[in-house]
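Novice: The structure that follows is given in the form of structure tokens.
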Amino acid sequence: MTDLQLTPTEPLDDPHTLDDLHRFVQRHPRLFVLTGAGISTDSGIPGYRDDNGAWKRSPPITLQEFLGALAMRQRYWARSMVGWPLVARAQPNAAHVALARLEAAGHVPTLVTQNVDGLHQRAGSRDVIELHGGIDGVSCLDCGMQQSRATIQQTLEADNPALLDVTAEAAADGDAHLEWHDLGGFRVPACSNCGGLLKPSVVFFGENVPKPRVEAASLALDAADAVLVAGSSLMVYSGYRFCVWAQRQGKPIAAINLGRTRADPLLSLKVAAPCGDTLSALAGLLAGD
Ligand SMILES: [Zn+2]
């Protein structure tokens with residue numbers, strides 16, 4: 001279903017309101033929802049980017065860096081050892097809860113997230129595609145064995161007690177902004193099955209989203225009436241492409257985001273307000289609360 005009045009041809013002039021968003025969902029009841037780091041900031045997990053979509057700090061590690069040098073893997077795992085507990089302890093917030101409620105009401109057949117924190121599932125969303133994987137898993141690049149991140153944390157802490165008392169500000173992927181000058185003695189975890197190289201089961205920068213995952217999300221987009229982006233600047237192509245594809249299909253795109261998004265020129269509607277308040281109010285209006 002398309003609505004000619006809402007096709008993304010006119011530039012956005014006026015800020016849109018919750019009522020506009022409510023009408024948008026009434027006209028396009030089956031949403032392809034795409035979420036990003038802005039959904040989880042209220043859970044204490046900081047985003048990567050500022051309101052203009054620029055990196056707040058140095059960009060995350062790339063796959064090439066991770067594979068290329070032991071020193072980079074030491075840096076990665078040291079920061080992860082310090083930062084992961086915060087992500088593991090984080091609780092879903094009002095935005096996650098509202099999206100689970102919208103799914104139960106039939107408005108979100110599939111939720112696609114760029115986040116790796118697992119908070120949508122913990123809030124009760126069932127049909128979730130984690131584009132960038134989940135931070136709760138670790139895989140061996142040599143034998144393929146999967147292990148839980150919690151198990152690896154025990155190994156990290158047992159092997160590197162000097163880092164146990166270090167605290168640092170965490171980042172969205174369980175990384176931490178750790179200043180540590182001598183990581184030469186840091187012991188990176190190895191596969192308990194084959195001794196091979198372990199990597200968290202997340203898509204690193206410089207790495208492609210696995211094709212089956214993209215295809216599953218693409219099918220969900222085909223079945224949707226419209227796109228709702230929540231809490232993402234869409235600066236990464238892996239999420240942005242769904243907006244491009246939606247536009248090609250003539251499906252309108254709405255966004256809830258406090259800052260600029262890469263898809264702003266494609267949007268039919270944009271609510272510049274916090275995700276938690278907006279989604280909670282939207283779920284209430286649609287339920288007739
Ligand atoms: Zn292995």
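Novice: Wholly within region 183-289, which helices (runs of 4 or more DSSP H) include no fewer than the required count, namely at least 3 residues that are touching a His at 6+ places or on another chain (Cβ under 8 Å) and under 28 Å from residue 42 (Cβ atoms)? Quick ask: steps written out before the conclusion?
Specialist: Working: elements: 211-223, 237-248, 275-287.
Once the helices (runs of 4 or more DSSP H) in region 183-289 are filtered for at least 3 residues that are touching a His at 6+ places or on another chain (Cβ under 8 Å) and under 28 Å from residue 42 (Cβ atoms), what remains is 275-287.
Novice: Now a separate question. Can we say residue 279 is of a type outside the set (Asp, Glu), closer than 21 Å to residue 107 by Cα and not assigned by TED's automatic domain parsing to the domain that holds residue 77? Talk me through it step by step, then tell me what you get.
Specialist: On the way: of a type outside the set (Asp, Glu): yes; closer than 21 Å to residue 107 by Cα: yes; not assigned by TED's automatic domain parsing to the domain that holds residue 77: yes.
Answer is yes for this residue.
Novice: Under the condition of being of a type in the set (D, E, K, R) and under 30 Å from residue 27 (Cα atoms), which residue from region 203-236 is surrounded by the fewest Cβ atoms within 10 Å (Cβ to Cβ)? Let's see the steps before the verdict.
Specialist: Of region 203-236, the ones of a type in the set (D, E, K, R) are 207, 211, 213, 215, 222, 225.
Next, from what is left, pick out any that are under 30 Å from residue 27 (Cα atoms): 213, 215, 222, 225.
Details: 213: 18, 215: 10, 222: 12, 225: 18.
Within region 203-236, the match that is surrounded by the fewest Cβ atoms within 10 Å (Cβ to Cβ) is 215.
Novice: Looking only at region 119-132, decide whether some residue is within 18 Å of the chain's Cα centre (by Cα) and within 16 Å of the ligand (Cβ to nearest atom).
Specialist: For region 119-132, residues within 18 Å of the chain's Cα centre (by Cα) and within 16 Å of the ligand (Cβ to nearest atom): absent.
Novice: Looking for whichever is closer than 21 Å to residue 275 by Cβ and surrounded by fewer than 19 Cβ atoms within 10 Å (Cβ to Cβ) here; the options are 109, 85. Which one fits?
Specialist: 109 is the lone residue from the list that is closer than 21 Å to residue 275 by Cβ and surrounded by fewer than 19 Cβ atoms within 10 Å (Cβ to Cβ).
Novice: Of these, 127, 159, 165, which one is at pLDDT below 95 and of a type in the set (Asp, Glu)?
Specialist: The unique qualifying residue is 165.
Novice: Also: Confirm whether residue 71 is outside the structural domain of residue 32 (by TED's automatic domain parsing) and either of a type in the set (A, V, I, L, M, F, W, C) or more than 24 Å from residue 26 (Cα to Cα) (or both). If you could, list the steps in order and put the result at the bottom.
Specialist: Working: outside the structural domain of residue 32 (by TED's automatic domain parsing): yes; either of a type in the set (A, V, I, L, M, F, W, C) or more than 24 Å from residue 26 (Cα to Cα) (or both): yes.
Yes.
Novice: Mind listing whichever residues of region 242-265 are modelled with pLDDT of 95 or more and surrounded by 21 or more Cβ atoms within 10 Å (Cβ to Cβ)?
Specialist: Selection gives 242, 243, 246, 251, 252, 253, 254, 255, 256.
The values are calculated or read from the model by the stated rules, or taken from the named source; none is laboratory data. Nothing here was measured: the structure is a model prediction, and the numbers come from that model. We place every Cβ from the backbone using ideal geometry, glycine too, and count neighbours over all the protein chains shown.
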